[in-house]
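Input: a single structure, listed below in structure tokens.
The values are calculated or read from the model by the stated rules, or taken from the named source; none is laboratory data. The model shown is predicted, which means the values in this text are computed figures rather than measured ones. Here the Cβ positions follow ideal geometry from the backbone for every residue, glycine too, while neighbour counts run over all protein chains shown.
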Amino acid sequence: MLCYINITEQNNVTLRGDDLNLISKKDLLAITGISYGQLYRWKRERLIPEEWFIKQSAYTGQETFFPREQILSRVKSILELKDKYSLEELAKILSPETSLTKITIKDLYEIEEINKGLLELLPKIYKNDYYDFIDVVFIVAVSESTTKAGLTNQQCAELIGYSIPVVSKQKSTNITCTVFSVGEEYHMVISPSSLSLDFDGGIQIIDRLSLSEVADKIKIKYDNKFI
Amino acid sequence: MQDFSLEGIGKINGGEFRTLNVEGVGSCSSGVKAENIYIEGVFNCSGEIEVEHLHCEGVADFTANIRAKRINVQGVVSVRRDAKIEAEEIICEGVIKAGGEISADFINAEGFIQAKEIFGDRIRINSHYHGKRIVNFFKREKSDIKLIEATTIELSDVTVSTVNGRDITIGPYCKIDHLDCNGTLFIDRTATVGNITGNYTMKN
């Protein structure tokens, strides 16, 4: 298997912009209808991570781009929630830092995004009594994705079993999990969201899971558990 | 939290204060968190500043980020290297020099700003008026900025490489290389503007 890594240094693009599926600041403002003032206020309030502002040379000197899916999802979340929560509360909800709350397997049954058949297999592959927030986000992301892709609960549980020791060590949800198959086997690459991975033709990409998007969704929906 | 006053020559190691007053020559070797910082003398700080209200009538030199609700500059504030200034509101009747970015909802400057980048909602910089005492003292200074991006921008006698905004007023003696506007645009006849892009309505 060959895997090529494109590295984006913080705020400084060193690779082709289209590799990361970027959106320019101007297009972002036009599509979402937000103003420069709102964008920079949200950046100051840490609602939009600084590393999402990627600067590239342009004929006008410099232009700023963002990871398209992440920024569009984030702006949508902020616009939906800004009347319900203060900016300070929103920053807490949308922070890439993982929540310190730990929950039990019993609590996991209340999270409807997780396939219940998978939950029965979880204690066999993950022996801890408590699940960290990052574990929950990861299980939700894999459960949703693999169900959509037609994997069995057993295959999904095996995939979680291989990957969860690596994911559990992450302190931030700014990571992307790339699920792929080689023959009959399913595996995963866990990488910072700023990395773009290219695989050779023998690899079939099943899905790319942005944990920050899932984390936003889970924190908002189950705020009594994680905020 | 306590009030602390630096009168004469002194040095502090940073810390948390309700009000930090610098009336002499003071320096600080690490971060300061305070409700108010008043500088009437000379203050050098190498740590990060987190403050509700920063008021400088003297000369202040910072080498790390400043995060404030309100900043009022009637003297000279320098922020070196790539350190940032973040605030809800900045009022400047003196001089601000920033190596990094300045980001604020509202900036109203009747003085001089030299910065790499300025971002915000409403930005008004008028460096043409020389009536103020402190501005007269620094009148050889020039407002020179690489990039300004804001919803509403109003400039007079300012040199900027790139200006991006919705409603933009380019006043007398401005020199702009690139301008992108997606609302209303006014350009004074004494201003020089190079390349203009965007979907805008020209105001007379």
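Looking only at the range B:27-75, which residues are part of a loop (DSSP other than H, G, I, E, B) and either within 19 Å of residue B:94 (Cα to Cα) or among the hydroxyl-bearing types (Ser, Thr, Tyr) (or both)?
B:29, B:30, B:40, B:41, B:46, B:57, B:58, B:63, B:74, B:75
Restricting attention to the range A:192-212, which residues are in a strand (DSSP E or B) and crowded, with 16+ Cβ neighbours inside 10 Å?
A:196, A:197, A:199, A:206, A:207, A:208, A:209, A:210
Identify all residues within the range A:46-74 that are in a loop (DSSP other than H, G, I, E, B) and among the charged types (D, E, K, R); write none if there are none.
Across the range A:46-74, the qualifying residue is only A:46.
Criterion first (charged (D, E, K, R), out of contact with any Lys or Arg (no Cβ under 8 Å at 6 or more places or on another chain) and modelled with pLDDT of 90 or more) does residue A:82 satisfy it?
no
With the checklist (1) free of Cβ contacts under 8 Å to residues at least 40 places away in the same chain; (2) loosely packed, with under 14 Cβ neighbours inside 10 Å in hand, flag the one item residue A:171 doesn't pass.
It is condition (1) that residue A:171 fails.
How about the range A:21-39: which of its residues are more than 8 Å from every other protein chain (Cβ to nearest Cβ), closer than 22 Å to residue A:58 by Cα and part of a loop (DSSP other than H, G, I, E, B)?
A:21
Would you check if there is a residue in the range A:146-161 being surrounded by fewer than 19 Cβ atoms within 10 Å (Cβ to Cβ), modelled with pLDDT of 85 or more and either under 22 Å from residue A:221 (Cβ atoms) or touching a strand residue (DSSP E or B) at 6+ places or on another chain (Cβ under 8 Å) (or both)?
The answer is yes; a qualifying residue exists.
Could we say that residue A:109 is surrounded by fewer than 19 Cβ atoms within 10 Å (Cβ to Cβ), in contact with a Lys or Arg (Cβ under 8 Å, 6 or more places away or on another chain) and assigned by TED's automatic domain parsing to the domain that holds residue A:214 here?
So residue A:109 passes the test.
Please work out if residue A:77 is modelled with pLDDT under 85, crowded, with 18+ Cβ neighbours inside 10 Å and either assigned to a strand (DSSP E or B) or under 22 Å from the mean Cα position of the chain (by Cα) (or both).
The answer is no for residue A:77.
For the range A:121-167, enumerate the residues that are farther than 14 Å from residue A:188 by Cα, in contact (Cβ under 8 Å) with a residue 24 or more places away in the chain and not hydrophobic (A, V, I, L, M, F, W, C).
Answer for the range A:121-167, where residues must be farther than 14 Å from residue A:188 by Cα, in contact (Cβ under 8 Å) with a residue 24 or more places away in the chain and not hydrophobic (A, V, I, L, M, F, W, C): A:124, A:126, A:129, A:130, A:131, A:132, A:135, A:144, A:147, A:148, A:153, A:154.
Could you tell me whether residue B:176 is among the β-branched types (Val, Ile, Thr), more than 25 Å from the chain's Cα centre (by Cα), within 14 Å of another protein chain (Cβ to nearest Cβ) and farther than 17 Å from residue B:109 by Cα?
no
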